[in-house]
1. What's the magnitude of the charge dipole for the chain around its Cα centre, counting Lys and Arg as +1 and Asp and Glu as -1 at the beta-carbon? Answer in Debye, nearest 20.
2. For a quick check: sort W204, W285, W368 by the number of other beta carbons within 10 angstrom, fewest at the front.
3. For the pair T198/K42, report the inter-label distance in nm, with labels modelled 7 Å from Cα in the Cβ direction.
4. How far apart, in nm, are the 7 Å Cα→Cβ label points at L55 and A262?
5. Compare the Cα positions of G155, T57, Y138 along the charge dipole of region 5-189 (+1 at Cβ of Lys, Arg; -1 at Cβ of Asp, Glu; about the Cα centre) and return the one farthest towards the positive end.
6. Only four residue types carry charge here, +1 at the Cβ of Lys and Arg and -1 at the Cβ of Asp and Glu. Report the dipole size of region 104-145 about the Cα centre in Debye, rounded to the nearest 20.
7. Using helices alone, what [θ] at 222 nm do you get for the chain, with -39,500 (n - 2.57) per DSSP H run of 4 or more residues, divided over all residues and rounded to the nearest 500?
8. What pairs from K166/K267; K31/K60; K83/K267; K142/K239; K60/K261; K239/K361 go past 21 Å between their alpha carbons?
Amino acid sequence: MRQKTVLITGATGFLGSYITRELFEAGFQLKLLVRKTTTGAKERLSEVFPANYELKTLLKRIEIIEGDISGNYLGLSAREYFKLAGTVDEVFHCAETTQLRKGEDDTLAKINVLGTALVSLFCITKRHKRLHYISTAYVAGKRRGVVLEDELEKGQSFNNGYERSKYEAERYLAVFLGQYRLPCTIYRPGIITGDTITGYTREWENIYVFCRELNRLNAHGMAKGRNPFLFPLRIPGDKYSTVNLVPVDYAARAIAAISIKAESINKTFHIVNPSPPTLGELAVWLMVATGNHRIKVVPLHEFNMQPQTREELLLARKTAIFQPYMFGEACFDSTNTRTLLSGTGIECPIITDDLICKFNKYALEMNWGKKGQIAKKIEKLDSGFKYFYTNLNTTIM
């Protein structure tokens, strides 16, 4: 049989790049819909694949297509759009924006909701294509208790615009899929963290924000000659509540494994940690990882009973967008996921102090992403100089 051709949106994103590698290793022909930039195919592929992949091998089964999921015809010409629609068998829609900050509602709606609507329309163009949609477990919003995989609308409210936008996208899909009988699988990951083997990450949010600020406060205190054990650093939260951290390598492997099973069609899967760590456990592990041994998780009323120190106010301000997740979350049932992964050997790794230390170590080595950004700027400058001198020599000659 002819090998399937898969279109992937968001392949250059963090989770999207891992999913892309899993699908490539599985032998699929891939078409990557990426945003238009000045970089070439080689540079775009380097955002997805490590250096140990040969470019020639990649280009045999991968095509880079520049477009825009929130634009008409996905940012392509009509001719390109219909030609692409006739060659694709399945679509992995990984593209999204994860902005949690206020004032991003228009961007969230454009990319997460409109983008999903336009991708689903593409899936019924020329011929029906199976859709794989990467959502989030936090479409559950502020719900508590057990949340089942086949549940969506339960009158829940939301912690931020990101959760709401992913919920709205799923709600749109529910109507669309019913109307057009489009085969679809929805995957809802928990909070994506770094790679369990290397510690690698490309996203510097969630737990990495706490690592960064705790390291900074610790270094600042040492520089000032303060005793780091003298005053507690209180963090408002419920130390018994869980935080559903899911390593990116597990999430990608689980999604890829589930996607090839016929039983997964028209079902939803929670790609979550079945034994998530508590906030109290994470606080202890963060103290070990950062060397900041003053952390004390306290209830909100206790936090407000005493005046906050300057350090506590600073930490609270830097981590404000994550505060809603520190006072409890739902318990995400993952029956569908566990059933289809049974016998595959794919299991969610247990979050431990060693893993948190590995994440923190990688973050320090990369200076929370700034090291990579500087390298890219230098590479861009080098390319600019080479272009300038090449043209200069051509002009002189």
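1. For this selection, approximately 800 debye.
2. W204, W368, W285
3. The two pseudo-label positions are separated by 2.0 nm.
4. With each label placed 7 Å out from Cα toward Cβ, I get 4.2 nm.
5. Result: T57.
6. 360
7. -13000 deg cm²/dmol
8. Where the Cα-Cα span goes over 21 Å, the pairs concerned are K83/K267; K60/K261; K239/K361.
Every read-out reported here was derived from the displayed coordinates using simple, explicitly stated rules and does not represent laboratory data. All of these numbers come straight from a predicted model, not from anything done at the bench. Glycine also receives a Cβ, built like all others from the backbone with ideal geometry; neighbour counts cover every protein chain displayed.
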